[in-house]
Every structure is written in structure tokens, then in C-alpha cells.
Amino acid sequence: MKKTILITGATAGIGKATAKIYAKNGWNLILTGRRAERLEELKASLMEQYSAEVITLNFDVRDKDAVNEAVDRLPATWKNIDVLLNNAGLAKGFSDIQDGLVEDWETMIDTNIKGLLYVSKAVMPLMIERKSGHIVNIGSIAGKEVYAKGNVYCSTKHAVEGITKALRLDLLPHKIKVSAICPGAVDTEFSTVRFDGDKDRADSVYNGYQPLLAQDIAEAIYFVTSRPFHVNINDLLIMPTAQANTSNLLREE
Ligand SMILES: NC(=O)c1ccc[n+]([C@@H]2O[C@H](COP(=O)([O-])OP(=O)(O)OC[C@H]3O[C@@H](n4cnc5c(N)ncnc54)[C@H](OP(=O)(O)O)[C@@H]3O)[C@@H](O)[C@H]2O)c1
């Protein structure tokens, strides 16, 4: 029987690359994000390229009613979600904490922490009922260390680490696996979003070294979710070879 993955934030970067790998491997896909047009384009290309079965759900993870309604309205067979990939997330701003914008803090906290909780809360009962499922949260090296001017973003990713551990504990009796995949620098739209569309500033984040590609993380996610039932990969920290930690990068011209 075909398996089903629900991916939050499938319109770009890691989520989009992950959708392609699962489609290629014959999974059914529930793709979510705010940009409806991008979701439809991705759906059409995955259907054409891999004959994939795809449902798109257009919602903002910060809107708990929209999250619940979208999951509720899934056709019954699509409620058999085998893997939930909590990937939607973002950083906003880059400044010392005393200079940070409260609106940026709220956007990050609402998306990266509360949004992840809302989606998990909507999907968990479906997994508990079937005593089967795997929740994969996208954390970050920023969830393990704090870097200068990264304060609130890093804190949201530390929270993802805590939530991941709590989910694993509480879902243990229900036989639901919980994993975290924690990347270092990945070349996606992440920095463009962080710097409000300033492409030059965003590109400078990835200058002089080879960052990870979204595909690298997507492959790791697929690996983690295709282990036998008795194997769970709790936590995977994946870095570019040129990045030792959040702050030490080997940049070469
Ligand atoms: N890139 C990195 O260096 C890096 C490193 C470590 C961890 N991460 C984490 O990886 C995850 C994916 O990021 P990415 O690098 O792939 O960035 P990206 O290319 O900007 O993609 C982010 C995705 O999240 C979605 N998203 C953002 N806010 C949302 C909201 N309120 N509701 C629904 N969807 C939302 C976006 O979709 P819409 O805008 O269409 O809604 C988009 O599909 C994030 O959790 C990020 O923190 C990234």
C-alpha cells in the first residue's frame, strides 16, 4: 500500500526538494504552504514527472483554525498520514536582541514554534488512532548553539529541539516515531526571507564556500523515514563540510 507524507512549507527549499524525493519513491503527497500558485505548479510537475497522487492544502501554519480545518477536510483515505514533516519555518531580522523588532520575534515564534505545535496537534490523533506514524521536525544547528544576532531565531529552534524530545516521550506508548533533522547552512530562500528580499545580502551568506543543498536534507529525511520500524534516528545534525559550527566557516575566494 502506498504511504502518505504531509509536508509543511512545500513551496520552496527543503520542503519542495523533499516532495520530489517522496514522489519519485511512489508516496502520496499532501503539500502545504501559503503560496497557492507554487503549490499547484509543484503538484502539476510531480503528477506529470512521477504520476504522483498529490493533495495541496493552502494555509498559514500560524492560523490554528485553518490548520484544523485543512486536516479535518482531508478525504478519509488521505488521513492515513505515515509521515508528518514539520518543515515550515523562517528567520526574520539579524540584530542584537536589544535592537530586534517585536513583530519579527512574533512571526518567528508563531511560525516556528506555535505553527509546528498546531500542525502536530491536528495530525497526532490520526496517528494515535492507527498506532503508527513518524513525525520529523526540521530543527537547526541554531537549535543547538546560539550565534551572534541570531537570538530569537535560535531560541525558536531550541524550542523545536525541546518539543521533539517531548513528543518522542509522550508518543512512545502509541508507537509513533519522532525525529529531528538539524541542518547547518542550506542554500534556499531562507536568507532572502530573513533579509526581506535583499538578494545581495542573502547571497553573501553563501559566498566563498559550498553550502548544503535542499536536496541533501531531503535525502536525509527520506533515509530517516525509510528505516525499519525498530530503528528510530532521534536527531541528525547535518553541516556543510566548510562549516564547523554556527560561526566558524571556511570561506575561500
Ligand atoms: N536554509 C537554512 O540554512 C536552514 C538551516 C537550518 C534549518 N532550516 C529550517 O529549514 C526549514 C525550511 O526552510 P528553507 O531553508 O527550506 O527555507 P525556504 O526556502 O524559505 O522555505 C520555507 C518554507 O516554509 C514555508 N512557510 C514559512 N512561513 C510559513 C507559514 N506561516 N505558513 C506556512 N508555511 C510557511 C514557506 O512557504 P510559503 O511562504 O509559501 O508559506 C516555504 O515553503 C525551516 O524550518 C528553517 O528554519 C533552514
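A short reminder: the numbers here are calculations on the coordinates, not readings from a lab. Only a predicted model underlies this, so the values are computations on that prediction, with no experimental measurement involved. Note that each Cβ is placed from the backbone with ideal geometry, even for glycine, and that neighbours are counted across all protein chains shown.
For the range 140-193, a residue qualifies if it is part of a helix (DSSP H, G or I), surrounded by 18 or more Cβ atoms within 10 Å (Cβ to Cβ) and of a type in the set (Ser, Thr, Tyr), and the qualifying residues are TYR153, SER155, THR156, THR164, SER191.
Looking only at the range 37-56, residues that are in contact with a strand residue (DSSP E or B) (Cβ under 8 Å, 6 or more places away or on another chain) and over 21 Å from LEU116 (Cβ atoms) come to 8 in all. Can you spot a residue in the range 211-226 that is away from the ligand (no atom under 12 Å from the Cβ), more than 20 Å from LYS16 (Cβ to Cβ) and not in a helix (DSSP H, G or I)? Scanning the range 211-226, I find no residue that is away from the ligand (no atom under 12 Å from the Cβ), more than 20 Å from LYS16 (Cβ to Cβ) and not in a helix (DSSP H, G or I), so the answer is no. Of all residues in the range 115-146, those satisfying the criterion of being aliphatic (A, V, I, L, M) and either away from the ligand (no atom under 16 Å from the Cβ) or closer than 16 Å to VAL67 by Cα (or both) are LEU116, LEU117, VAL119, ALA122, VAL123, MET124, LEU126, MET127, ILE128. Under the condition of being more than 14 Å from the ligand (Cβ to nearest atom), touching a residue at least 60 places away in the same chain (Cβ under 8 Å) and more than 18 Å from LEU236 (Cα to Cα), the residues counted in the range 147-188 number 1.
The condition of being among the aliphatic types (A, V, I, L, M), within 15 Å of LEU29 (Cα to Cα), out of contact with any Pro (no Cβ under 9 Å at 6 or more places or on another chain) and surrounded by fewer than 16 Cβ atoms within 10 Å (Cβ to Cβ) holds for only one of ALA76, ALA70, ALA52, that being ALA76.
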